[in-house]
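Derivation of every value follows stated rules applied to the coordinates shown; laboratory data play no part. Keep in mind that what you see is a predicted model, and the values were worked out from it rather than measured. So basically every Cβ, Gly included, is an ideal-geometry build from the backbone, and we count neighbours across all protein chains shown.
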Amino acid sequence: MKKSFAYLLLFTISAVQAPAQQSSGGGEQKQRSEDASEVKEEATGAKSTAEQLASGPNAPVDPKSFQLGPEDVLMVRVWNQPQISGVVSVRPDGKIGLPLIGEIEAKGTTPHELTQKVTEALSTYYKDPLVMITVQAVRSRKYYVTGQIAKGGMFPLVTPTTVLQAISIAGGPTEWADLKKITILRNGKVLKFNYKDAIKGKNLDQNILLEGGDHIIVP
């Protein structure tokens, strides 16, 4: 009788624990699924940014935080002064040249700060000049994606971009790519990236933000 009661008690405990374990496993699967969905949304957002870069007249930069550098292309507009307005590029020495006011240091300044500089310089010649400076193309900060990728090449680093987003912007890996052995070259260092893990929401700490000059290689 005691043995029968012990067996019955053991069976009852096992029956209670089994659904709990299944529920826990289901929770982990749900969390992984949610992580993977977030990663896919991130990649989709990256494609939208790329489309903006391709179709918009101005690069989508924050005029109060983006720092200009050599080769960046700017549109300078001065109200009612077409002889001063126009497209200029930041020279290798970090300066731009404008009619009437000459050279102005642009490297390291934001579009907002440069607008203030040009406005101040023009105030010597015009009363209350209205100046607007926008970035047409970002060429000072860029990254590269090469190898088994649909549309490899050089890309402007306009907004914060992760490795996964960069691969998505480049059209995604080809069917022959070794998705577990992607590397990022950064200042002489080699960083590893497992694409299969990333799209499943695993090891997301490897999905780092890119820096100017980074080179992603998809073998």
**Per-residue Cβ neighbour rank within 10 angstrom, fewest leading, 168, 65, 123, 140** = 65, 123, 140, 168
**Message:** Starting from the 7 Å offset along Cα-to-Cβ, what nm value, one decimal, do you get for the label separation of residue 83 and residue 215?
**Reply:** 4.8
**Fill in**
Exposure proxy check on 127, 64: fewest-to-most Cβ neighbours within 10 Å is 127, 64
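So between residue 176 and residue 100, what do we pick up on full extension, going 0.36 nm a residue minus the alpha carbon distance?
On the way: separation 76, 0.36 × 76 = 27.36 nm, distance 5.69 nm.
Full-extension gain reported as 21.7 nm.
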**Item:** Per-residue HN-Hα couplings for the range 180-191 [Karplus 6.51, -1.76, 1.60; θ = phi - 60°; Hz; x = Gly/Pro]
**Value:** 8, 10, 6, 10, 10, 8, 9, 6, x, 9, 10, 10
**Item:** For the range 73-137: relative contact order, % (alpha-carbon pairs under 8 angstrom, 6 or more apart)
**Value:** 38
**Asked** Name the residues of the range 136-167 whose amide N is less than 15 Å from a point 7 angstrom out from the Cα of residue 204 along the C-beta direction?
**Response** 162-165
**Prompt:** Quick one: Karplus J couplings for the range 70-79, per residue in order, coefficients 6.51, -1.76, 1.60, θ = phi - 60°, nearest Hz, x for Gly and Pro?
**Reply:** x, 6, 5, 9, 10, 10, 9, 10, 10, 4
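So if R0 is 35 Å, what FRET efficiency would residue 146 and residue 116 give, r being the distance between their Cβ atoms, rounded to the nearest 0.05? Let's see the in-between values first.
Values: r = 40 Å, r/R0 = 1.14.
Approximately 0.30, to the nearest 0.05.
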